[in-house]
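Below is one structure, written out as structure tokens, with a few remarks after it.
The values are calculated or read from the model by the stated rules, or taken from the named source; none is laboratory data. Keep in mind that this is a model prediction, so the values were computed, not measured. Positions of Cβ are generated from backbone atoms using ideal geometry, with glycine treated the same way; all protein chains shown enter the neighbour counts.
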Amino acid sequence: MEKLKKKIGSFSFWNWVIASIIFRLILIYFPKNLNLSSRPEVSTPLTSFRRLAEGYWLKQSSMSSYAGSMYHGSPLLLSLLGPLTVKRIEGQPNHLLYSLVSVIADVVSAMLIRATGQNLRLAYLRSLESLDLVKQIDVSEFLFSGDIAALIYLCNPFTIVACVGLSTSPIENMAVILCLYGACSRLIPLAAFGWVIATHLSLYPAILIIPVIFLLGCGPDSPPRKLFLQRHQQKEVLNQSKLPPGFSWGPIIHFAFWAFLWSVYVLVLCGISLKQFGGLWEMFKSTYGFILTVEDLSPNIGVLWYFFAEVFEFFRNFFLIVFHVNILFMILPLAIRLRHRPCYLAFVYVAICSMLKSYPSVGDSALYLGLLGWFVNELADMQFSLFLFCGYVGVSLLSPVMHNLWIWRGTGNANFYFTTAMVYACLQIVLVVEGISAVLNHDRKLRILITGKPQDAKS
Amino acid sequence: MVLLQRPHILLLLIDTHQFLQCWIAFGSANEEGQQQEEFSEELLVKPLPDHKLLAHFHFQSSAPPSTSNGCHHHLFPKAISQLVQKFRVKEMELSFTQGRWNYESWGGFDPISSSNAKPPGVELWAVFDVPQHHIDASWKNLTHTLSGLFCASINFLESTATYSTPEWSFPPASGNVRYGTLPCEAVCTENLTPWLKLLPCRDKAAIALLLDRPSLYRGFYHSQRLHLTSTESSSEGIDSGIILEQTLTVVLQPNSERAIEVHASEKHVQPSWSLSSIFGKQVSGRCVLAKSSSVYLLLDRGLVAELKFPNKENGKSAANGLTSENFWSNPSFELSVNPDRIFLEESSSHSKSLSILYMFQVEKYSESEPFDIGLMWKVPVAWLCQQTPLHASRFFMGSGNERGAIAISLKSTQFTEGFMSANSKDGSCELRVDVFQVVPWYVKVYFHSLRVFVDQQPRAVSDFIEKIHVSPSKDKMSPGVMEVVLKLPCRVNTAALTIEFDKGFLRIDEYPPDANQGFDIPSAIISFPNFHASMVFLEDDSLNRSPLLSKFQEKCPVMSYTEVLLVPLTTPDFSMPYNVITIKCTVFALYFGSLLNVLQRRVAEEERFLKAKAAKKTGRLPLLLSKLSAKLRGSGINQD
């Protein structure tokens, strides 16, 4: 996987960007979008294009868009994207305008990823410099992680499929990336906006507030603060200018203010658009309530649908709590252990959410795989990377086959498809666990380089 | 039973003079009052073009407003009147049907087919006279009561996911209607017996005697219906009480003797039949409680046109001279019993020929001389029943268990051609079609995908759909309801509505025991509000009108039901919920455990550093704790 990334990095960045855009446009011009918009991998009840169109139709016929259990997205998204679902240009594919919006969202996301990645790389180099490790670590071998991350995001088949399949996940991903970009480059209103919109669209990004606070409080990823102190103790000189800044509350209060402002703004807008139809409560019930209670049991690449289809009604509430709390449980340990690397923490949170969320789609995987590109330098020693790569390829080939066998041919049964979902969940677990351990080991390596005890380097 | 109770009541009343007076007053009021409890029974027999026979039993009981004599009834079933009073039912119709009415060969444009052709299974609709927020509770109680009354699983209609509230396309248009169907309900004799119990003579006398179970259920179509109208609670003062109309419609195949020795030339000769040959029984005696009991033989308009009665031209005069033998002695058929009366239909605008109704009064016959009519065909006749303006059918499109589309297709029939030629003078001729479609929640319909095809060309929806009302389905809460008014040009040949859907996925315990059989989508109702099926027969005495004939005279809108669709849904694996739960939980444990492990793992050097730190800082409490733990461990080992 690493070699592949290097290869991509060596090519001209912009050529790849243009190639990926052209590839998307070619796919858009295929008839009926290759039926991607109704694939279970692409369109979950939350991101489905057809449900968006249905919601818009209901709204147009002066009914609440939440009247049936079809649409579960945001009312704002409906007002913005809804008109594009019906607008047609003669002689062009049906949903050309909507597809173009998705493509633009993808490109903007990629550009933001690139900018953030460059930011992170600079911060990393600066911290190496302040640790006087520039000589030990060959900086020239450092990859341009921003470019790589952007290209991974753009050229990832998952992203392409989500974009061409007209799901709303490119928009949701863009909001998350906007939030991280704003926090990294200390554009506090932008970060707050991204966070509020991302939370509004899909609830789970709410936990990104922790990495954002760390980002704003202590700046982007760097080796642990302890290392700097050790380094300076060794040198017996305390150079305050070379120490990373401590935690500062100012930007966080600023962020809280802006987040409050934006959320009030968003809620007021939603309230206005739902004034006749039960108001905000109706919206919360059929968006967040729908996410949390896992009412729709149609197959997706996650594991919860089959679990709740099979589990006895009596235990349903118990397991609902268990699975949602599983996400919350891990927030604190991860935040403590990775507090010096807020961007990486954000990546881990995004990965865990996309693994445990109630209606995952490939769009969510595309997001965390793109963010993974930021840390190519830190994760260079990650184990099982080939295994993971092969696993992802294997699952993404097998899963449609199993789905076809079960749903279309009727020769397989639900367990076939569920197995691939299981394997996919396991792969993500391995990715997260190995990724965290690789980053922790990277920090250890840096410390060893500082304290100079190579005999303990093994971990 | 009621009769037996009366002497007791009398005795009681004689004891107390006051009550006696009161009773006399009641009695006189009853006699003075225009209405008394009445019961009448009728049977209508009609030959069908495809060598089959339609038998339509019609029993009607009526009760005056309950205020006149408390809750006592002479003839009227008490269970029904209690039900009406308790739930304040204004109008209600319950039907149990097996088989499908063949609209193409049995016709769809006559009062019998438009009000008695019902969708397979159970159909129930009711109009309540209660405030809006009580309707659902009343409906729930009503379904439970009917379920007990008719030994059927009507109580399944209580859940909000199974019944709907038609806004305006369902004929008794008002907001208080509730409509529910159970398409997969099996109808059998256990449903018929309680239905017969509501008749004063049960199936022990007169016409009801013909209801022989084996011959009924051998038929092609069987629909038993109960229609209830109550104007009891109306404040206008036009109290007609409760009218209970029980009908049973069967389509049977008369197995005639001549069919055995059929010659090639006589292939098209209609089978001859008699009541005893099709039901295996004869009408002997009469039900003494019935006001009237009569048997009718109806010859269709199409059939009459084929038969060429000698004096068809001056039909009106013939109807007046009832004894005219011209109508029952026809060269093409022969009746075994002379009809008591013959009715001719009043000429209508829709058709050229008129139908003929022969009436036989059962009262004249006794057990020693049972009544049995027979019809003997002499020459082959072929005719067509009058059909609905458009023939509706419904089907699925697409394959696989993920998504599909429902298509309702309307095809013009020979009627439309006639209608079109009749109305061709004024150029803008429009045919209004109401479509009422209920889909269960697990068929998730995308209403924005509604398409209209007229003459096989995709057209803009707004051009042909005049009005549309949609109430989208809520998961496990309410079904999806679509009511559409189509305005089609008269010259239309075919029209089709298609709508896409996704198939839902149910929880393992929501599937019925035979999950792989599939789920039924109730019939769509296609009605033509501009057309009314009615048969007006020329009668001399309008006072003594039979309920069946007055029913025929009512203008009921022409409507037809489409097929029930069977949608196969994907099933999960029913055998292994435990495996799924355990494997899933294992994966979660793997995630949780390994992640925590990685987070708290420290390499050797870090451990040493921490130990050194701990050694430096050891206070009293940690020391105590470590000692305690060591002791505990030691003792634990000792105990083991």
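Mind listing just one residue for me: the one in region B:176-207 that is buried (at least 19 other Cβ atoms within 10 Å of the Cβ) and among the β-branched types (Val, Ile, Thr) and, of those, farthest from B:Thr165 (Cα to Cα)?
Looking at residues that are buried (at least 19 other Cβ atoms within 10 Å of the Cβ) and among the β-branched types (Val, Ile, Thr), I get B:Ile207.
What about A:Asn326, is it of a type in the set (S, T, N, Q), farther than 17 Å from A:Ala425 by Cβ and either within 14 Å of chain B (Cβ to nearest Cβ) or out of contact with any Cys (no Cβ under 8 Å at 6 or more places or on another chain) (or both)?
The answer is no for A:Asn326.
Of everything in region B:441-477 that's part of a loop (DSSP other than H, G, I, E, B) and crowded, with 21+ Cβ neighbours inside 10 Å, which residue is nearest to the other protein chains (Cβ to nearest Cβ)?
Across region B:441-477, the extreme among qualifying residues is B:Pro472.
Among the numbered criteria (1) surrounded by fewer than 22 Cβ atoms within 10 Å (Cβ to Cβ); (2) under 24 Å from B:Glu483 (Cα atoms), which one does B:Phe128 miss?
(1)
Looking at A:Ser74, A:Ser62, A:Ser12, which is the one that is touching a His at 6+ places or on another chain (Cβ under 8 Å), farther than 20 Å from A:Leu96 by Cβ and of a type in the set (Gly, Ala, Ser)?
Every option except A:Ser74 fails the conditions.
Run down B:Ala589, B:Ala630, B:Ala615 and say which single residue is modelled with pLDDT of 75 or more and away from chain A (no Cβ under 14 Å).
Of the residues listed, the single one that is modelled with pLDDT of 75 or more and away from chain A (no Cβ under 14 Å) is B:Ala630.
Only residues that are in contact with a helix residue (DSSP H, G or I) (Cβ under 8 Å, 6 or more places away or on another chain), within 13 Å of chain B (Cβ to nearest Cβ) and in a helix (DSSP H, G or I): list them for region A:27-46, please.
A:Ser37, A:Ser38, listed by residue number.
Could you check region A:446-456 and list, in sequence order, the residues that are in contact with a helix residue (DSSP H, G or I) (Cβ under 8 Å, 6 or more places away or on another chain) and either within 9 Å of chain B (Cβ to nearest Cβ) or at pLDDT 80 or above (or both)?
Those that are in contact with a helix residue (DSSP H, G or I) (Cβ under 8 Å, 6 or more places away or on another chain) and either within 9 Å of chain B (Cβ to nearest Cβ) or at pLDDT 80 or above (or both): A:Leu446, A:Arg447, A:Ile448, A:Thr451, A:Lys453, A:Asp456.
Whether any residue in region B:170-178 is at pLDDT 85 or above, farther than 28 Å from B:Gln553 by Cβ and part of a loop (DSSP other than H, G, I, E, B) is what I want to check.
Checking region B:170-178: not a single residue is at pLDDT 85 or above, farther than 28 Å from B:Gln553 by Cβ and part of a loop (DSSP other than H, G, I, E, B).
In region A:148-183, what residues are within 18 Å of A:Asn15 (Cβ to Cβ) and either at pLDDT below 90 or of a type in the set (A, V, I, L, M) (or both)?
A:Ile148, A:Ala149, A:Ala150, A:Leu151, A:Ile152, A:Leu154, A:Ile160, listed by residue number.
Suppose we keep only residues that are free of Cβ contacts under 8 Å to residues at least 60 places away in the same chain and not in a helix (DSSP H, G or I) within region A:267-311. Which one would you say is nearest to the other protein chains (Cβ to nearest Cβ)?
The extreme case among them is A:Leu297.
Just wondering, is there one or more residues in region A:47-60 that are under 21 Å from A:Ile160 (Cβ atoms), in contact (Cβ under 8 Å) with a residue 12 or more places away in the chain, more than 14 Å from chain B (Cβ to nearest Cβ) and surrounded by 23 or more Cβ atoms within 10 Å (Cβ to Cβ)?
Yes, that holds for at least one residue.
Would you be able to tell me the number of residues in region A:113-131 that are crowded, with 24+ Cβ neighbours inside 10 Å and aliphatic (A, V, I, L, M)?
2
If a residue has to be closer than 24 Å to A:Ser354 by Cβ and more than 9 Å from chain B (Cβ to nearest Cβ) to count, how many in region A:61-74 make the cut?
Qualifying residue count, region A:61-74: 4.
Okay, residues lined up against (1) under 59 Å from the mean Cα position of the chain (by Cα); (2) part of a loop (DSSP other than H, G, I, E, B); (3) away from chain A (no Cβ under 13 Å):
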{"site": "B:Leu569", "(1), (2), (3)": "yes, yes, no"}
{"site": "B:Phe574", "(1), (2), (3)": "yes, yes, no"}
{"site": "B:Leu595", "(1), (2), (3)": "no, no, no"}
{"site": "B:Arg602", "(1), (2), (3)": "no, yes, no"}
{"site": "B:Lys611", "(1), (2), (3)": "no, no, yes"}
